[in-house]
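Asker: Have a look at this one.
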Amino acid sequence: MKKVGFYVSNLVQRVLNYGKFRNEFLGRLPQRFHGAAKLLFYFTFTAEEKKLASEIESFRSKIPALSTAKEVYSYTSPHSNTFKTDEKGKALPGEYIGSSVEGHMKTGSSKFNGILLRRIVAGAGVKRILELGTNTGFSGCYFLSVPGTELVTIEGSDTLCEIAKINMDRFSDKHRIMNMLFDEAIDVLLAEKASFDCVFIDGQHEQKATLHYTQRVLPMLKPGALIVHDDIYWSDDMHAGWQKMVQDPQFSETVDLFYKGICVVGNGTAPKAHYDMGEYLPRPEIFRKNW
Ligand SMILES: C[S@@+](CC[C@H](N)C(=O)[O-])C[C@H]1O[C@@H](n2cnc3c(N)ncnc32)[C@H](O)[C@@H]1O
């Protein structure tokens, strides 16, 4: 019943704020983010996006046949305030837990979140993407479906890396899967002097971990590059981390798209701008209460 109430109030707000969103918000939001913001407001895919999302989704039913092991291990998203580093200052991951291979048919980006990522990347003209958290490769497929993109993606679970490779190979071979912990792989990339136009941080959803990885990837990004954070409404703690990034002077622009938060790397001189869909639509509830 609570859910129905939320959907009704959501619909009413959409209708009431339609003109304000179109004229006021889109009037000041940089053009490169319009596609993503419109998806949130109008909730509709183009015919091309519908076809692509169905093609990407068709892989889910094939996942159980791809693993001989009954259980597939992955790193869980840890509780708030559990972030720890080793003696060298390297981040320790969350727990490594096995779950049924069937369970992994449901994980990773949904159609909606995948198309949202795709619109962010396509709108900003991003070409080189780094992803923290491959899982079974669904977000990777959405990235690689944008013509001209290349993806480096990091995943600690070897079985998930194997599944993700088969999944992403359907769209492009311009990907490199690093089967390592995030901090180990970032060390390798820094030593290689790698650089990216966009980093998608989608693993270890905890404030201190998120802020840690944000600082670690910054040396690989030039002004104008994007850091896209997943699940900024995951927990109160993750949301507090997002609010710190909104205040962080290293970013010239931040965009709150509810399911993703975008930070644009600044050059230290541009004035700070924040764009917030919460001014036009009801914010999502915090997903994990007391997490
Ligand atoms: C939420 S899933 C990624 C979903 C994927 N980006 C998508 O949208 O389809 C997070 C993944 O990150 C991996 N992970 C979490 N913490 C990690 C760490 N510290 N190092 C390596 N992998 C990690 C987990 O094993 C899990 O598969």
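Asker: Kindly indicate whether any position in the range 180-192 is within 14 Å of the ligand (Cβ to nearest atom), within 27 Å of Pro271 (Cα to Cα), in contact with a helix residue (DSSP H, G or I) (Cβ under 7 Å, 6 or more places away or on another chain) and free of Cβ contacts under 8 Å to residues at least 40 places away in the same chain.
Answerer: Among the residues of the range 180-192, not one is within 14 Å of the ligand (Cβ to nearest atom), within 27 Å of Pro271 (Cα to Cα), in contact with a helix residue (DSSP H, G or I) (Cβ under 7 Å, 6 or more places away or on another chain) and free of Cβ contacts under 8 Å to residues at least 40 places away in the same chain, which makes the answer no.
Asker: Within the set of pairs 6+ apart or on separate chains, which have a first residue in the range 201-212 that is free of Cβ contacts under 8 Å to residues at least 60 places away in the same chain, a second that is assigned to a helix (DSSP H, G or I), and C-beta atoms under 7 Å apart?
Answerer: What qualifies is Thr210/Met238; Thr210/Gly241; Leu211/Gly241; Leu211/Lys244.
Asker: Only one residue in Leu52, Leu40 is in a helix (DSSP H, G or I), open to solvent by less than 60 Å² (accessible area, probe 1.4 Å), touching a residue at least 60 places away in the same chain (Cβ under 8 Å) and touching a Leu at 6+ places or on another chain (Cβ under 7 Å), so which one is that?
Answerer: On inspection, the qualifying residue turns out to be Leu40.
Asker: Checking Gly224 against (1) within 16 Å of the ligand (Cβ to nearest atom); (2) open to solvent by 30 Å² or more (accessible area, probe 1.4 Å), only one condition comes out false. Which one?
Answerer: The number of the failed condition is (1).
Asker: Counting only residues that are of a type in the set (D, E, K, R) and either surrounded by fewer than 21 Cβ atoms within 10 Å (Cβ to Cβ) or touching an Asp or Glu at 6+ places or on another chain (Cβ under 8 Å) (or both), which one in the range 131-170 is nearest to Val217 (Cα to Cα)?
Answerer: Within the range 131-170, the match that is nearest to Val217 (Cα to Cα) is Glu131.
Asker: Here is a further query. Pairs please, first residue from the range 103-131 and of a type outside the set (A, V, I, L, M, F, W, C), second anywhere and open to solvent by 40 Å² or more (accessible area, probe 1.4 Å) and away from the ligand (no atom under 15 Å from the Cβ), Cβ atoms under 6 Å, 6+ apart in sequence or on different chains.
Answerer: Gly123/Arg32; Lys127/Gly148; Lys127/Asp197; Arg128/Glu150; Arg128/Asp197
The values are calculated or read from the model by the stated rules, or taken from the named source; none is laboratory data. The structure presented is a predicted model; accordingly, all values stated were derived computationally and were not measured. Cβ coordinates were reconstructed from backbone atoms using ideal geometry, including for glycine residues, and neighbour counts include every protein chain displayed. The area values use the complete protein model at the heavy-atom level, side chains included, leaving out ligands, DNA and RNA. Shrake-Rupley method; radii C 1.70, N 1.55, O 1.52, S 1.80 Å.
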